[in-house]
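The structure appears below as structure tokens.
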Amino acid sequence: MLIRDRLSELIGDEEFLSWYPTDGRPSLSPAQLMLVSILQFAENLSDRQAADAVRLRLDWKYALGLELEDAVFDYSVLSEFRARLGEHDRADRLLQVMLARLIGAGLLEGRGQQPTDATHVLAAVRRLSRLELAGESVRAALQELAEADPDWLAPLVEPRWAKQYGRKVEIGKVPGGRSGIIDLAETIGRNGLKLLTAVGTATAPPRLRDLPKVKILRRVWMHQYYWDPEGQLRWCEGTALPPASLRFDSPYDPDAHYCVKRDTAWSGYRTHFTETCDEDLPHVVTHVATTIAPVQDGVLTETIHDDLAAQQLAPAEHIVNTAYITPARMERAQRVHGIKLLGPIPTDHSPQAKRGTGFDKSAFDVDFDQHTATCPQGTTSRQWTPTRINDSDYILVKFPTKTCRDCPQRAQCTTAVSGPRSLALLPHPLHEIQIQARAEQATDEWKQRYAVRAGAESTISQNVRISGPRRSRYRGPRAGVGSARDRRLRG
């Protein structure tokens, strides 16, 4: 309520001018409809219940700035408003306007601390096996074609299709084991191929091939089937399947992708929340982004920084978990935006570092100007080779084979049977950033500063309790979560 007390209105009707035509009867206040939609989502109310709450509840009237006798509205306008809100990234723009108002009122400042964390979001679709996905894709395409041109479709439909695709496809245990599954999958494949071939002929109405569910059927067949050398359509298995970032799990929401993160497996999306945590100001969510589920958290780091900087809300310290942070991202954040990216750098995974004894990377003296590294015994490397590992630049350093083999400290340096010690180093200055960050995160001072990140987890917990962001309420390209911002970033 502090924000409501300080501001007469969080957002004005003038921000919505481009949403409406210039003629016709006056509309209801779109700013009030926006706040009603937010309160409705937070309390999980239907449109009719939300309209009644505006009429009957004093707390809603206060939040909306209404007088007791102010006229109410018909509940149907809420669905119309949501349709307008979902167009042209308008929700993104509204969040920017609200944040700017809070900055102007002194309730929000940049250059503080802002933690970020992510949570999973389940798509509003039934969980399907690969077989059910194929069958349901045929069914969805048949329904759409039947509505678009029933006379054209009728000659194509086979008698058994009514039983196979007349109701939602549910496939339990298939008789015959693996061969039975493949036979059923390839039967469904031939049915789908028959439809795709028919809509692609010159005699088919051109508009049919552009129907949404027909396009989805084509994509599913590209993902799940292949042509063998004899020209037969075959069911993909194992490594022949494309990655999860390309495959989707339902013909009714092609943005829903499968993902596994530790002990959690889901089909849907991933949402990232960033929040201020200044002690003397309200805690405000400054950035929300939704991606398809397989997109790794670190992909969002630069996007979050760029967006916050554009709003004059870049933090002095951005507190994240290991998934968001690398030495390269730390360097860019400081260089481009003056942001200190605070989080645990992945530790050295060498056997020496894991044991806590012997010579890990930090024990070597590296001279990037001379392209050499010197081991604790004083031996200088003989190879310095730039290379690429997992799409990142590294420098591969090797020491002389004979010297390493005869070294009295060999057991403390390498586990190789006969080969020399080698190092994979990040380029300078990323190597220095990595060494310094690993040293800092072992200190009590660093751990105390990093403890602030727990606030991001409480933000997600609060959102889960209030507005249920872990389950989509709608389907389609803007359905991820009921947030002010919804981005479908793809890997």
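Among the residues making up region 98-136, those that are of a type outside the set (Asp, Glu) and part of a helix (DSSP H, G or I) are Met98, Leu99, Ala100, Arg101, Leu102, Ile103, Gly104, Arg130, Leu131, Leu133, Ala134, Gly135.
Do we have any residue at all in region 454-468 that's farther than 25 Å from Thr347 by Cα, in a loop (DSSP other than H, G, I, E, B) and either at pLDDT 90 or above or not polar (S, T, N, Q) (or both)?
yes
Taking each residue of region 355-368 that is touching a residue at least 24 places away in the same chain (Cβ under 8 Å) and looking for partners that are assigned to a helix (DSSP H, G or I) with beta-carbon atoms closer than 6 Å, six or more apart or interchain, yields Gly358/Gln352; Gly358/Gln412; Phe359/Gln352; Phe359/Gln412; Phe359/Cys413; Ser362/Ile435.
Every residue in region 211-245 that is among the acidic types (Asp, Glu) and surrounded by 11 or more Cβ atoms within 10 Å (Cβ to Cβ), please. Spell out the reasoning first.
If we filter region 211-245 for residues that are among the acidic types (Asp, Glu), which is where we start, we get 228, 230, 237.
Answer for region 211-245, where residues must be among the acidic types (Asp, Glu) and surrounded by 11 or more Cβ atoms within 10 Å (Cβ to Cβ): just Glu237.
Applying the set (1) farther than 26 Å from Ser461 by Cα; (2) at pLDDT below 90; (3) part of a loop (DSSP other than H, G, I, E, B) to Val77 leaves exactly one unmet item: (3). Screening region 221-284 for strands (runs of 3 or more DSSP E) wholly inside it with 1 or more residues that are under 30 Å from Asn321 (Cβ atoms) and among the hydroxyl-bearing types (Ser, Thr, Tyr) returns the ranges 257-261, 264-275. Checked against (1) in contact with a strand residue (DSSP E or B) (Cβ under 9 Å, 6 or more places away or on another chain); (2) part of a helix (DSSP H, G or I); (3) at pLDDT 85 or above, Leu95 meets all criteria but (3). Beta carbons closer than 8 Å, at least 6 apart along the sequence or on distinct chains, pair a first residue in region 148-173 that is at pLDDT below 95 with a second that is among the hydroxyl-bearing types (Ser, Thr, Tyr) and surrounded by 10 or more Cβ atoms within 10 Å (Cβ to Cβ) for Ile171/Ser129.
What's the number of the condition Lys194 fails, among (1) among the charged types (D, E, K, R); (2) more than 34 Å from the chain's Cα centre (by Cα); (3) closer than 30 Å to Ala456 by Cβ? Only one criterion in (1) among the charged types (D, E, K, R); (2) more than 34 Å from the chain's Cα centre (by Cα); (3) closer than 30 Å to Ala456 by Cβ is unmet by Lys194, namely (3). For first residues located in region 302-326 and free of Cβ contacts under 8 Å to residues at least 24 places away in the same chain, partners that are surrounded by 16 or more Cβ atoms within 10 Å (Cβ to Cβ) and outside any helix (DSSP H, G or I) and lie 6+ apart or on another chain with Cβ distances below 6 Å form the pairs Asp307/His287.
The values are calculated or read from the model by the stated rules, or taken from the named source; none is laboratory data. What you see is a predicted model; the values in this text were computed from it and never measured. Every residue, glycine as well, gets a Cβ built from its backbone with ideal geometry; the counts of neighbours run over all protein chains shown.
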